[in-house]
1. Identify, from the list Ile252, Ile243, the residue that is within 15 Å of ligand 1 (Cβ to nearest atom), touching a Phe, Trp or Tyr at 6+ places or on another chain (Cβ under 8 Å) and assigned to a helix (DSSP H, G or I).
2. Name the pairs whose Cβ atoms lie under 9 Å apart, with the first residue in region 37-57 and small (Gly, Ala, Ser), the second assigned to a loop (DSSP other than H, G, I, E, B) and surrounded by 14 or more Cβ atoms within 10 Å (Cβ to Cβ), and 6 or more positions between them or separate chains?
3. (1) modelled with pLDDT of 95 or more; (2) within 16 Å of ligand 2 (Cβ to nearest atom): which one isn't true of Gln249, the others all being true?
4. Can you name every residue in region 256-289 that is over 15 Å from Met184 (Cβ atoms), buried (at least 20 other Cβ atoms within 10 Å of the Cβ) and away from ligand 2 (no atom under 16 Å from the Cβ)?
5. For region 267-311, enumerate the residues that are on the phi > 0 side of the Ramachandran plot and without any contact (Cβ under 8 Å) to a residue 60 or more places away in the chain.
6. Tell me which residues, restricted to region 23-79, are aliphatic (A, V, I, L, M) and assigned to a strand (DSSP E or B).
7. Of the residues that sit in region 23-55 and are more than 23 Å from Pro237 (Cα to Cα) and surrounded by fewer than 15 Cβ atoms within 10 Å (Cβ to Cβ), which one is modelled with the highest pLDDT?
8. One residue is enough: does region 229-239 have a residue meeting the conditions among the acidic types (Asp, Glu) and either crowded, with 24+ Cβ neighbours inside 10 Å or assigned to a loop (DSSP other than H, G, I, E, B) (or both)?
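The values are calculated or read from the model by the stated rules, or taken from the named source; none is laboratory data. Note that the structure is a prediction, hence the values are computed from the model and not measured. Here Cβ is always computed from backbone atoms with ideal geometry, including for glycine, and neighbour counts include all displayed protein chains.
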Amino acid sequence: MKWKEILIRYGELSLKGRNRNQFVRKLKKNIQDAMTDLQTVRLRAERDRMFLLADSEKDMNEAIERLSHIFGIQSFSPVAMCDADLDAIKQKALEVIGTEDTAGKTFKVEIKRADKTFPYVTGELQQAIGGHVLHHFPELTVQMKKPDILLHVDIRKEGAFLTSKVYKGAGGMPVGSNGHSLLMLSGGIDSPVAGYLLMKRGVSIDAIHFASPPYTSELAKRKVMDLTEKLCSFGAPVRLHIIPFTELQQAIVQQVPNNLSMTTTRRMMLQIADQVREQIGALAIVTGESLGQVASQTLDSLTAINEVTATPILRPLIAMDKLEIIELSEQIGTYDISIRPYEDCCTIFTPSNPKTKPKLEKVHHYESFFDFQPLIEYAVNNREVIEVWKEQEKDEFEDLL
Ligand code: ATP
Ligand code: MG
(Lines give C-alpha, C1' and ligand atoms only; values in the text may rest on other atoms or scores of the structure.)
(Ligands and ions follow the chains in the order given, each with its own letter.)
Protein backbone atom coordinates (compact mmCIF):
# COMPACT_ATOMS: atom_id res chain seq x y z
CA MET A 1 0.00 0.00 0.00
CA LYS A 2 1.18 3.54 -0.73
CA TRP A 3 0.19 6.34 1.63
CA LYS A 4 -1.88 9.05 -0.07
CA GLU A 5 -3.08 11.14 2.86
CA ILE A 6 -1.54 12.81 5.87
CA LEU A 7 -3.54 13.68 8.95
CA ILE A 8 -2.30 16.94 10.54
CA ARG A 9 -3.02 17.62 14.24
CA TYR A 10 -3.04 21.19 15.56
CA GLY A 11 -2.45 20.74 19.26
CA GLU A 12 -2.29 24.13 20.95
CA LEU A 13 -4.48 25.64 18.28
CA SER A 14 -7.49 23.69 19.34
CA LEU A 15 -7.31 25.36 22.75
CA LYS A 16 -7.66 28.80 21.28
CA GLY A 17 -11.43 29.13 21.36
CA ARG A 18 -12.73 32.01 19.33
CA ASN A 19 -9.48 32.65 17.46
CA ARG A 20 -9.38 29.14 16.20
CA ASN A 21 -10.84 29.72 12.75
CA GLN A 22 -8.35 32.43 12.02
CA PHE A 23 -5.49 30.23 13.24
CA VAL A 24 -6.60 27.31 11.12
CA ARG A 25 -6.89 29.55 8.07
CA LYS A 26 -3.38 30.90 8.65
CA LEU A 27 -1.96 27.42 9.11
CA LYS A 28 -3.65 26.22 5.95
CA LYS A 29 -2.22 29.15 4.02
CA ASN A 30 1.29 28.58 5.42
CA ILE A 31 1.16 24.89 4.49
CA GLN A 32 -0.13 25.76 1.02
CA ASP A 33 2.67 28.28 0.54
CA ALA A 34 5.26 25.73 1.61
CA MET A 35 3.89 23.17 -0.87
CA THR A 36 3.19 25.36 -3.92
CA ASP A 37 5.73 23.61 -6.11
CA LEU A 38 4.40 20.12 -5.29
CA GLN A 39 1.86 19.61 -8.06
CA THR A 40 -0.14 16.70 -6.62
CA VAL A 41 -0.61 18.10 -3.12
CA ARG A 42 -4.01 19.32 -1.94
CA LEU A 43 -5.28 20.36 1.49
CA ARG A 44 -8.57 19.88 3.25
CA ALA A 45 -9.13 21.60 6.61
CA GLU A 46 -11.64 20.45 9.18
CA ARG A 47 -12.51 21.99 12.49
CA ASP A 48 -9.94 20.15 14.57
CA ARG A 49 -7.58 18.66 12.00
CA MET A 50 -6.42 18.93 8.43
CA PHE A 51 -5.71 16.45 5.66
CA LEU A 52 -2.98 16.74 3.08
CA LEU A 53 -3.49 14.62 -0.01
CA ALA A 54 -0.63 13.74 -2.35
CA ASP A 55 -0.96 11.58 -5.43
CA SER A 56 2.71 10.99 -6.13
CA GLU A 57 5.00 9.17 -3.73
CA LYS A 58 7.73 11.75 -4.29
CA ASP A 59 5.40 14.59 -3.27
CA MET A 60 4.28 12.55 -0.27
CA ASN A 61 7.85 12.16 1.00
CA GLU A 62 8.68 15.80 0.35
CA ALA A 63 5.49 16.93 2.11
CA ILE A 64 6.43 14.88 5.19
CA GLU A 65 9.86 16.57 5.25
CA ARG A 66 8.40 20.08 4.93
CA LEU A 67 5.54 19.62 7.40
CA SER A 68 8.03 18.93 10.18
CA HIS A 69 9.25 22.58 9.99
CA ILE A 70 5.91 24.38 9.91
CA PHE A 71 4.82 26.01 13.15
CA GLY A 72 1.34 25.31 14.48
CA ILE A 73 1.47 21.57 13.81
CA GLN A 74 1.64 19.32 16.85
CA SER A 75 2.03 16.03 15.01
CA PHE A 76 1.10 14.38 11.75
CA SER A 77 0.60 10.89 10.41
CA PRO A 78 0.20 9.29 7.03
CA VAL A 79 -3.26 7.68 7.23
CA ALA A 80 -5.28 5.12 5.31
CA MET A 81 -9.04 5.50 5.23
CA CYS A 82 -11.84 2.97 4.78
CA ASP A 83 -15.55 2.56 5.57
CA ALA A 84 -16.45 2.38 9.24
CA ASP A 85 -17.11 -1.32 8.92
CA LEU A 86 -15.27 -4.01 10.86
CA ASP A 87 -14.33 -6.18 7.88
CA ALA A 88 -13.09 -3.19 5.93
CA ILE A 89 -11.05 -2.04 8.93
CA LYS A 90 -9.49 -5.48 9.39
CA GLN A 91 -8.46 -5.53 5.75
CA LYS A 92 -7.01 -2.01 5.90
CA ALA A 93 -5.13 -2.89 9.11
CA LEU A 94 -3.21 -5.56 7.18
CA GLU A 95 -2.27 -3.04 4.50
CA VAL A 96 -1.05 -0.55 7.07
CA ILE A 97 1.01 -3.11 8.98
CA GLY A 98 2.35 -4.21 5.60
CA THR A 99 4.16 -0.86 5.33
CA GLU A 100 6.18 -1.69 8.47
CA ASP A 101 9.22 -3.87 8.98
CA THR A 102 7.60 -6.51 11.24
CA ALA A 103 10.45 -9.00 11.85
CA GLY A 104 10.80 -9.60 15.61
CA LYS A 105 8.71 -6.51 16.45
CA THR A 106 6.13 -5.94 19.20
CA PHE A 107 2.73 -4.50 18.42
CA LYS A 108 -0.48 -3.10 19.86
CA VAL A 109 -3.83 -1.88 18.52
CA GLU A 110 -5.22 1.35 19.90
CA ILE A 111 -8.84 2.25 19.22
CA LYS A 112 -10.53 5.63 19.31
CA ARG A 113 -14.26 5.35 18.91
CA ALA A 114 -15.43 8.89 18.19
CA ASP A 115 -18.60 7.47 16.62
CA LYS A 116 -20.34 6.08 19.70
CA THR A 117 -22.98 4.38 17.58
CA PHE A 118 -20.40 2.02 16.10
CA PRO A 119 -21.76 -1.44 17.05
CA TYR A 120 -18.68 -2.82 18.88
CA VAL A 121 -17.03 -1.73 22.11
CA THR A 122 -13.34 -0.90 22.23
CA GLY A 123 -12.21 -4.23 23.76
CA GLU A 124 -14.00 -6.24 21.10
CA LEU A 125 -12.48 -4.15 18.33
CA GLN A 126 -8.98 -4.46 19.74
CA GLN A 127 -9.30 -8.23 19.86
CA ALA A 128 -10.86 -8.61 16.43
CA ILE A 129 -8.37 -6.34 14.65
CA GLY A 130 -5.33 -7.42 16.70
CA GLY A 131 -6.18 -11.11 16.19
CA HIS A 132 -6.55 -10.61 12.46
CA VAL A 133 -3.18 -8.86 12.22
CA LEU A 134 -1.41 -11.53 14.31
CA HIS A 135 -2.89 -14.25 12.13
CA HIS A 136 -1.34 -12.70 9.03
CA PHE A 137 1.89 -11.51 10.68
CA PRO A 138 2.75 -14.36 13.10
CA GLU A 139 6.24 -12.84 13.65
CA LEU A 140 4.65 -10.03 15.71
CA THR A 141 4.08 -10.30 19.46
CA VAL A 142 1.61 -8.19 21.41
CA GLN A 143 3.01 -5.74 23.94
CA MET A 144 0.89 -3.18 25.75
CA LYS A 145 3.67 -0.86 26.98
CA LYS A 146 5.80 0.91 24.40
CA PRO A 147 5.21 -1.44 21.46
CA ASP A 148 7.46 -1.04 18.39
CA ILE A 149 4.41 -0.69 16.18
CA LEU A 150 1.29 1.08 17.39
CA LEU A 151 -1.65 0.63 15.06
CA HIS A 152 -4.02 3.48 15.70
CA VAL A 153 -7.63 3.13 14.54
CA ASP A 154 -9.88 6.18 14.72
CA ILE A 155 -13.52 5.39 14.01
CA ARG A 156 -15.68 8.34 13.01
CA LYS A 157 -19.04 8.78 11.32
CA GLU A 158 -17.41 9.56 7.99
CA GLY A 159 -15.12 6.53 8.07
CA ALA A 160 -12.24 4.81 9.83
CA PHE A 161 -8.71 6.25 9.80
CA LEU A 162 -5.75 3.96 10.37
CA THR A 163 -2.11 4.79 10.93
CA SER A 164 1.04 3.27 12.37
CA LYS A 165 3.30 6.32 12.27
CA VAL A 166 3.32 9.60 14.18
CA TYR A 167 5.75 12.36 13.24
CA LYS A 168 6.43 15.16 15.69
CA GLY A 169 5.51 18.61 14.38
CA ALA A 170 7.45 21.80 15.09
CA GLY A 171 4.87 22.92 17.69
CA GLY A 172 4.18 26.59 18.34
CA MET A 173 1.61 28.65 16.44
CA PRO A 174 1.19 29.39 12.73
CA VAL A 175 3.47 32.21 11.64
CA GLY A 176 1.36 35.33 11.14
CA SER A 177 -1.28 34.41 13.71
CA ASN A 178 0.32 36.59 16.41
CA GLY A 179 1.17 39.84 14.68
CA HIS A 180 4.21 41.21 12.90
CA SER A 181 7.64 42.30 14.21
CA LEU A 182 10.93 43.63 12.89
CA LEU A 183 13.96 41.43 13.62
CA MET A 184 17.38 43.07 13.92
CA LEU A 185 19.41 40.49 12.06
CA SER A 186 23.19 40.65 12.27
CA GLY A 187 25.33 37.96 10.70
CA GLY A 188 25.94 36.45 14.14
CA ILE A 189 24.72 33.33 15.89
CA ASP A 190 22.13 34.90 18.18
CA SER A 191 19.74 37.02 16.14
CA PRO A 192 18.59 34.25 13.74
CA VAL A 193 17.75 32.12 16.79
CA ALA A 194 15.78 35.03 18.26
CA GLY A 195 13.84 35.32 14.99
CA TYR A 196 13.14 31.60 15.00
CA LEU A 197 11.76 31.70 18.55
CA LEU A 198 9.40 34.57 17.76
CA MET A 199 8.20 32.87 14.58
CA LYS A 200 7.52 29.80 16.66
CA ARG A 201 5.11 31.87 18.74
CA GLY A 202 3.24 32.84 15.59
CA VAL A 203 4.91 36.20 14.90
CA SER A 204 5.71 36.96 11.26
CA ILE A 205 8.83 39.04 10.69
CA ASP A 206 10.65 41.45 8.47
CA ALA A 207 14.40 41.54 9.05
CA ILE A 208 16.63 44.61 9.16
CA HIS A 209 20.38 44.47 8.66
CA PHE A 210 22.93 47.26 9.02
CA ALA A 211 25.72 47.15 6.48
CA SER A 212 28.73 49.43 6.18
CA PRO A 213 30.20 49.03 2.73
CA PRO A 214 33.00 49.04 1.75
CA TYR A 215 34.06 47.96 5.26
CA THR A 216 31.54 45.11 5.07
CA SER A 217 31.57 42.92 1.97
CA GLU A 218 28.99 41.56 -0.45
CA LEU A 219 29.63 38.17 1.14
CA ALA A 220 28.47 39.50 4.50
CA LYS A 221 25.25 40.52 2.76
CA ARG A 222 24.93 37.14 1.13
CA LYS A 223 25.34 35.54 4.56
CA VAL A 224 22.45 37.57 5.94
CA MET A 225 20.32 36.66 2.93
CA ASP A 226 21.07 32.99 3.51
CA LEU A 227 20.09 33.35 7.17
CA THR A 228 16.88 35.06 6.10
CA GLU A 229 16.15 32.28 3.67
CA LYS A 230 16.56 29.74 6.47
CA LEU A 231 14.04 31.68 8.55
CA CYS A 232 11.61 31.56 5.62
CA SER A 233 11.62 27.77 5.79
CA PHE A 234 9.79 27.99 9.13
CA GLY A 235 6.62 29.11 7.52
CA ALA A 236 6.43 32.50 5.85
CA PRO A 237 8.32 34.80 3.51
CA VAL A 238 10.63 37.27 5.24
CA ARG A 239 11.43 40.68 3.78
CA LEU A 240 14.98 41.89 4.37
CA HIS A 241 15.80 45.61 4.74
CA ILE A 242 19.46 46.43 4.24
CA ILE A 243 20.43 49.75 5.77
CA PRO A 244 23.37 51.79 4.43
CA PHE A 245 25.06 52.55 7.74
CA THR A 246 28.57 53.67 6.75
CA GLU A 247 28.09 57.43 7.04
CA LEU A 248 26.40 57.19 10.39
CA GLN A 249 29.13 54.99 11.78
CA GLN A 250 31.78 57.40 10.55
CA ALA A 251 29.96 60.30 12.16
CA ILE A 252 29.69 58.42 15.44
CA VAL A 253 33.41 57.65 15.45
CA GLN A 254 34.10 61.36 15.01
CA GLN A 255 31.61 62.69 17.55
CA VAL A 256 31.62 60.21 20.42
CA PRO A 257 34.60 59.01 22.45
CA ASN A 258 35.66 55.48 21.83
CA ASN A 259 34.32 53.93 25.01
CA LEU A 260 30.79 55.28 24.40
CA SER A 261 30.59 54.83 20.64
CA MET A 262 29.08 51.36 20.93
CA THR A 263 26.20 52.73 23.00
CA THR A 264 25.53 55.50 20.50
CA THR A 265 25.81 53.08 17.58
CA ARG A 266 23.13 50.90 19.16
CA ARG A 267 20.94 53.90 19.84
CA MET A 268 21.15 54.97 16.19
CA MET A 269 20.42 51.46 14.99
CA LEU A 270 17.39 51.29 17.20
CA GLN A 271 16.05 54.65 15.98
CA ILE A 272 16.43 53.55 12.37
CA ALA A 273 14.83 50.18 13.11
CA ASP A 274 11.96 51.94 14.84
CA GLN A 275 11.22 54.14 11.83
CA VAL A 276 11.32 51.17 9.49
CA ARG A 277 9.09 49.28 11.93
CA GLU A 278 6.56 52.06 11.80
CA GLN A 279 6.62 52.21 8.00
CA ILE A 280 5.93 48.48 7.65
CA GLY A 281 3.27 48.46 10.36
CA ALA A 282 5.12 46.11 12.73
CA LEU A 283 4.40 46.34 16.46
CA ALA A 284 7.68 45.29 18.06
CA ILE A 285 11.42 44.99 17.48
CA VAL A 286 13.21 41.70 18.10
CA THR A 287 16.92 41.38 18.96
CA GLY A 288 19.31 38.55 19.79
CA GLU A 289 20.58 40.19 22.96
CA SER A 290 21.46 37.98 25.90
CA LEU A 291 22.15 39.46 29.32
CA GLY A 292 25.81 40.01 30.13
CA GLN A 293 27.11 38.48 26.93
CA VAL A 294 29.06 41.58 25.89
CA ALA A 295 29.47 45.16 27.12
CA SER A 296 26.44 46.40 25.19
CA GLN A 297 24.23 43.79 26.81
CA THR A 298 24.48 44.68 30.50
CA LEU A 299 21.32 46.03 32.13
CA ASP A 300 22.92 49.51 32.22
CA SER A 301 23.72 49.36 28.51
CA LEU A 302 20.32 48.01 27.55
CA THR A 303 18.72 50.83 29.51
CA ALA A 304 20.85 53.47 27.77
CA ILE A 305 20.11 51.99 24.35
CA ASN A 306 16.42 51.47 25.00
CA GLU A 307 15.93 55.12 25.94
CA VAL A 308 15.45 56.15 22.30
CA THR A 309 12.11 54.38 21.89
CA ALA A 310 8.97 53.27 23.70
CA THR A 311 8.39 50.45 21.22
CA PRO A 312 8.42 47.00 22.83
CA ILE A 313 11.81 45.35 22.30
CA LEU A 314 11.50 41.59 22.44
CA ARG A 315 14.64 39.74 23.52
CA PRO A 316 13.79 36.06 23.54
CA LEU A 317 17.41 35.04 24.33
CA ILE A 318 17.87 37.37 27.27
CA ALA A 319 18.21 34.57 29.85
CA MET A 320 19.87 31.93 27.71
CA ASP A 321 23.48 30.76 27.91
CA LYS A 322 25.62 31.04 24.80
CA LEU A 323 25.95 27.25 24.64
CA GLU A 324 22.18 26.82 24.71
CA ILE A 325 21.85 29.36 21.91
CA ILE A 326 24.51 27.59 19.84
CA GLU A 327 22.73 24.28 20.33
CA LEU A 328 19.47 25.76 19.08
CA SER A 329 21.17 27.39 16.10
CA GLU A 330 22.63 24.01 15.16
CA GLN A 331 19.21 22.41 15.43
CA ILE A 332 17.53 24.98 13.21
CA GLY A 333 20.34 24.98 10.67
CA THR A 334 21.58 28.57 11.01
CA TYR A 335 24.84 27.84 12.85
CA ASP A 336 26.92 26.89 9.80
CA ILE A 337 25.87 30.09 8.05
CA SER A 338 26.45 32.27 11.12
CA ILE A 339 30.04 31.13 11.58
CA ARG A 340 31.11 32.17 8.06
CA PRO A 341 33.91 34.62 8.73
CA TYR A 342 32.62 37.84 7.13
CA GLU A 343 32.68 40.85 9.40
CA ASP A 344 29.56 42.88 10.08
CA CYS A 345 29.45 46.62 10.70
CA CYS A 346 29.74 46.36 14.47
CA THR A 347 32.75 44.09 14.45
CA ILE A 348 34.66 46.56 12.31
CA PHE A 349 33.89 49.69 14.32
CA THR A 350 33.92 48.00 17.72
CA PRO A 351 36.07 49.93 20.20
CA SER A 352 38.51 47.98 22.32
CA ASN A 353 37.11 49.22 25.65
CA PRO A 354 33.35 49.80 25.52
CA LYS A 355 31.72 50.89 28.77
CA THR A 356 29.63 48.28 30.55
CA LYS A 357 27.90 51.06 32.54
CA PRO A 358 27.44 53.92 30.10
CA LYS A 359 26.19 57.09 31.79
CA LEU A 360 23.17 58.45 29.98
CA GLU A 361 24.11 62.11 30.64
CA LYS A 362 27.48 61.52 28.99
CA VAL A 363 25.86 59.85 26.00
CA HIS A 364 23.43 62.77 25.65
CA HIS A 365 26.28 65.22 26.01
CA TYR A 366 28.37 63.81 23.16
CA GLU A 367 25.38 63.19 20.90
CA SER A 368 24.27 66.84 21.35
CA PHE A 369 27.11 68.34 19.26
CA PHE A 370 25.90 66.81 16.02
CA ASP A 371 22.55 66.47 14.30
CA PHE A 372 22.25 62.77 13.56
CA GLN A 373 18.66 63.03 12.34
CA PRO A 374 19.43 63.71 8.63
CA LEU A 375 21.75 60.70 8.56
CA ILE A 376 19.10 58.56 10.22
CA GLU A 377 16.55 59.70 7.66
CA TYR A 378 18.97 59.04 4.82
CA ALA A 379 19.59 55.50 6.09
CA VAL A 380 15.87 54.75 6.39
CA ASN A 381 14.99 56.19 2.99
CA ASN A 382 17.85 54.60 1.08
CA ARG A 383 17.46 51.09 2.36
CA GLU A 384 17.42 48.17 -0.01
CA VAL A 385 14.41 45.87 0.38
CA ILE A 386 14.75 42.25 -0.69
CA GLU A 387 11.93 39.74 -0.76
CA VAL A 388 13.67 36.57 0.30
CA TRP A 389 11.72 33.42 -0.36
CA LYS A 390 13.50 30.19 -1.03
CA GLU A 391 15.96 30.40 -3.92
CA GLN A 392 14.99 33.81 -5.29
CA GLU A 393 17.33 36.74 -5.59
CA LYS A 394 20.48 34.74 -5.06
CA ASP A 395 21.73 34.46 -8.60
CA GLU A 396 23.48 37.79 -8.61
CA PHE A 397 25.81 36.47 -5.91
CA GLU A 398 26.67 33.15 -7.48
CA ASP A 399 29.83 34.42 -9.17
CA LEU A 400 31.20 35.72 -5.88
CA LEU A 401 31.44 32.26 -4.32
P1 ATP B 1 24.40 38.26 17.18
O2 ATP B 1 24.99 36.90 17.33
O3 ATP B 1 22.93 38.23 16.92
O4 ATP B 1 25.19 39.11 16.21
P5 ATP B 1 25.91 39.27 19.34
O6 ATP B 1 26.04 38.39 20.50
O7 ATP B 1 27.03 39.33 18.37
O8 ATP B 1 24.54 38.92 18.59
P9 ATP B 1 25.81 42.10 19.32
O10 ATP B 1 26.72 42.13 18.16
O11 ATP B 1 26.08 42.94 20.50
O12 ATP B 1 25.60 40.67 19.93
O13 ATP B 1 24.35 42.44 18.81
C14 ATP B 1 23.25 42.40 19.66
C15 ATP B 1 22.00 42.42 18.81
O16 ATP B 1 21.92 43.64 18.07
C17 ATP B 1 22.00 41.32 17.76
O18 ATP B 1 21.50 40.11 18.28
C19 ATP B 1 21.09 41.91 16.71
O20 ATP B 1 19.73 41.74 17.07
C21 ATP B 1 21.43 43.40 16.76
N22 ATP B 1 22.50 43.69 15.77
C23 ATP B 1 23.82 43.77 15.95
N24 ATP B 1 24.46 44.06 14.82
C25 ATP B 1 23.53 44.17 13.85
C26 ATP B 1 23.55 44.47 12.45
N27 ATP B 1 24.67 44.68 11.78
N28 ATP B 1 22.36 44.49 11.80
C29 ATP B 1 21.21 44.27 12.45
N30 ATP B 1 21.13 43.99 13.76
C31 ATP B 1 22.27 43.95 14.47
MG1 MG C 1 26.94 40.32 16.51
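1. Numbers: Ile243 fails: assigned to a helix (DSSP H, G or I).
Exactly one of Ile252, Ile243 is within 15 Å of ligand 1 (Cβ to nearest atom), touching a Phe, Trp or Tyr at 6+ places or on another chain (Cβ under 8 Å) and assigned to a helix (DSSP H, G or I), namely Ile252.
2. Once the first residue is small (Gly, Ala, Ser) and sits in region 37-57, its partners that are assigned to a loop (DSSP other than H, G, I, E, B) and surrounded by 14 or more Cβ atoms within 10 Å (Cβ to Cβ) give Ala54/Trp3; Ala54/Lys4; Ala54/Leu38; Ala54/Thr40; Ser56/Leu38; Ser56/Thr40.
3. Single failed check for Gln249: (1).
4. Val256, Leu260, Thr264, listed by residue number.
5. Gly292
6. Residues satisfying the conditions are Val41, Leu43, Ala45, Met50, Leu52, Leu53, Ala54, Ile73, Val79.
7. Asp55
8. Looking for residues that are among the acidic types (Asp, Glu) and either crowded, with 24+ Cβ neighbours inside 10 Å or assigned to a loop (DSSP other than H, G, I, E, B) (or both), one finds none in region 229-239, hence no.
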